[in-house]
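Peer 1: This is the structure, below, for whatever I ask next.
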Amino acid sequence: MTEGGVNALAMICRARCKPGTTLVTTDPTWKWPCLFARQQGAEVIEIPIYDAACDYRLTAEALKAHVDERTAIIYLVDPNNPLGIRYSRVEIESFAAIACDCGALLLHDCTYRDFADGHTPALHVAPEGAVVSMSFSKWLGLAGLRIGALVAAPELFDELAQTSTSVLGASVVAQRAAQAGLAVKTEWMTTVRGIDRANKVMIREAAASIEGLALPIFPSHGNFLVLETVAAGIRPEALVECYRRQGIMIRQGTYHTQRFGDRFVKVSTSVPSSWVEKFCALLPEMVAQARRLNDLPPQF
Ligand SMILES: Cc1ncc(COP(=O)(O)O)c(C=O)c1O
């Protein structure tokens, strides 16, 4: 158990990254492990995947072209945050084989797995060369309690745990909450996923009525959607600010990726339906306002 999935990721980066090594990931990816790797002196290589030509996903060919003997970690976010694509068993097998060939650890970030239709943890195909990080923040909504997990073969776990800063363990209150959630997970997720799916459909319908808005990946296998704003002629930051003024938080693309961040906002969907109804009802007006808004406060 770790203090959030993020602490598992930090521990692994501390254990394996050092000057002269690389962490290879996608763009978009989750940015914090990249920061942890750089803090250790490693180089971060981001393979662009925001592209219909590669179906918004990492391919074995692209991965192979970016790894070598310096590669310490291949960091795979699956389902990808923010794109919402997920990888098949065959793809995971090919990534695991590439990791094995170059001697890298395959770090499979499965934070959003419970929202995916079908998911193969890398540990199932490569128990020796892969680790899985997990979170209770998303499917169970425990983000504030800071509870996650690292799953790995015992010998690997012993090595990685040497760099843990949480030597006294994760909060017992949070662990009890996680256990209570696990006890009702099937029933809970059936309800949550039903709401999440309906919310996604609502957003798709609202977006379809506005010229230029697009949902490049539907359905997303995460509890969020990428909503492209670029063809509608609005800046993601402007739309975020307009919604913020209405008490609704969505995220500008640059939070996730500098390279592609001007194309989209990310909208979370595992929220009460009434929130999404409000989001959709406001969408035409927010888009209109965003077109006129130039003066923006800093966003995080
Ligand atoms: C891809 C990904 N990994 C890991 C995390 C960390 O989750 P937590 O530390 O809250 O368990 C997040 C949170 O947003 C995430 O999006």
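Peer 1: With every protein chain left in place, what is the accessible area per residue of region 29-89 in square angstrom, probe 1.4 Å?
Peer 2: 41
Peer 1: Okay, next question. With θ taken as phi - 60° and the coefficients 6.51, -1.76 and 1.60, list the Karplus ³J(HN,Hα) couplings across region 33-48 in order, rounded to whole Hz; mark glycine and proline as x.
Peer 2: These are the phi-based 3J(HN,Hα) values: x, 5, 5, 4, 5, 5, 4, 8, x, 7, 8, 9, 10, 10, 8, x Hz.
Peer 1: State the volume of the convex hull built on the alpha-carbon positions of region 1-153, expressed per residue in Å³ and rounded to an integer. If you can, show how the numbers build up before the last one.
Peer 2: On the way: hull volume 14.9 nm³, N = 153.
Taking only Cα atoms, region 1-153 has a hull volume of 98 Å³ per residue.
Peer 1: When the convex hull of the C-alpha atoms of the chain is computed, what volume per residue in Å³ does it have?
Peer 2: Numbers: hull volume 40.1 nm³, N = 300.
It comes to 134 Å³ per residue, whole-number rounded.
Peer 1: For a distance above 28 Å, tell me the whole-number percent of Cα pairs in region 154-300 that qualify.
Peer 2: Working: 3910 of 10731 pairs.
So the pairs more than 28 Å apart make up 36 percent of the total in region 154-300.
Peer 1: Follow-up. Give me, ordered by chain and number, the residues 5 or more places off SER135 or on other chains with an amide H under 5 Å from its own placed amide H.
Peer 2: ALA149
Peer 1: I've got another one for you. Explain nothing, just compute: Karplus ³J(HN,Hα) = 6.51 cos²θ - 1.76 cosθ + 1.60, θ = phi - 60°, for every residue of region 182-199 in order, whole Hz, x for Gly and Pro.
Peer 2: 4, 5, 10, 4, 4, 5, 4, 6, 4, 5, 4, 5, x, 5, 4, 4, 5, 5
Peer 1: Here's a follow-up. What three numbers, in Å, describe the spread of the alpha carbons of region 236-300 along their principal axes, ordered from the longest?
Peer 2: 32, 26, 17 Å, listed from the longest principal axis down.
Peer 1: Can you tell me the order of 8-14, 110-116 when each peptide is scored by its average per-residue count of other Cβ atoms within 10 angstrom, highest first?
Peer 2: Working: 8-14: 24.7, 110-116: 23.1.
Result, highest mean first: 8-14, 110-116.
Peer 1: Further question on the same structure: With each run of n ≥ 4 DSSP H residues scored as -39500 (n - 2.57), what mean residue ellipticity at 222 nm is computed for the chain after dividing by its residue count and rounding to the nearest 500 deg cm²/dmol?
Peer 2: Value at 222 nm, helices only: -12500 deg cm²/dmol.
Peer 1: Here is a further query. Could you provide, to the nearest whole Å², the per residue accessible area of region 174-257 with probe 1.4 Å?
Peer 2: 46
Peer 1: Which of the GluC sites (Glu not before Pro) across region 1-108 are loop residues per DSSP, with 13 or fewer other Cβ within 10 Å?
Peer 2: Sites meeting the loop and neighbour criteria: GLU69.
Peer 1: What is the angle, in °, between the Cα long axis of helix 273-292 and the longest principal axis of the Cα atoms in the chain? Nearest 10 is fine, range 0 to 90.
Peer 2: That helix lies at roughly 70 degrees to the long axis.
Peer 1: Quick one: the Cα spread of region 141-205 along its three principal axes, in angstroms, biggest first?
Peer 2: Reported extents, whole Å, longest axis first: 49, 24, 20.
Peer 1: Given H placed on each backbone N at 1.01 Å, which residues far from ILE45 in sequence or on other chains put an amide H within less than 5 Å of it?
Peer 2: Sorted by chain and number, the residues that satisfy this are LEU23, VAL24, THR25.
Peer 1: Something else: Could you please report the charge total around GLN40, scoring K, R as +1 and D, E as -1 over all other residues with beta-carbon less than 11 angstrom from its beta-carbon? Before the final figure, lay out each step's value.
Peer 2: Working: positive: ARG14, ARG16, LYS18, ARG38; negative: GLU43.
So the environment of GLN40 carries a net charge of +3.
Peer 1: Considering only protein heavy atoms and a probe of 1.4 Å, how much of the accessible area of region 73-160 is carbon and sulfur, as a whole percent?
Peer 2: Carbon-and-sulfur percentage of accessible area, whole number: 56.
Peer 1: Could the peptides 35-41, 19-25 be put in order, highest first, of the mean number of other beta-carbon atoms found within 10 Å of their residues? Mind dumping the intermediate values first?
Peer 2: Numbers: 35-41: 16.6, 19-25: 20.1.
Put in order of decreasing packing, that is 19-25, 35-41.
Peer 1: What order, most packed first, do the peptides 173-181, 217-225, 123-131 have when packing is the mean number of other Cβ atoms within 10 Å of each residue? Mind dumping the intermediate values first?
Peer 2: Values: 173-181: 14.8, 217-225: 23.0, 123-131: 19.4.
In decreasing order of mean packing, 173-181, 217-225, 123-131 become 217-225, 123-131, 173-181.
Peer 1: Each residue of region 51-66 in turn: what ³J(HN,Hα) in whole Hz from Karplus with 6.51, -1.76, 1.60 and θ = phi - 60°, glycine and Pro shown as x?
Peer 2: Running phi through 6.51 cos²θ - 1.76 cosθ + 1.60 with θ = phi - 60° gives 6, 4, 4, 9, 6, 6, 9, 6, 9, 4, 4, 5, 5, 4, 6, 10 Hz.
The values are calculated or read from the model by the stated rules, or taken from the named source; none is laboratory data. Small disclaimer: the values here were computed from a predicted structure and weren't measured. Positions of Cβ are generated from backbone atoms using ideal geometry, with glycine treated the same way; all protein chains shown enter the neighbour counts. Side chains included, ligands, DNA and RNA excluded: accessible areas come from the protein's heavy atoms. Shrake-Rupley method; radii C 1.70, N 1.55, O 1.52, S 1.80 Å.
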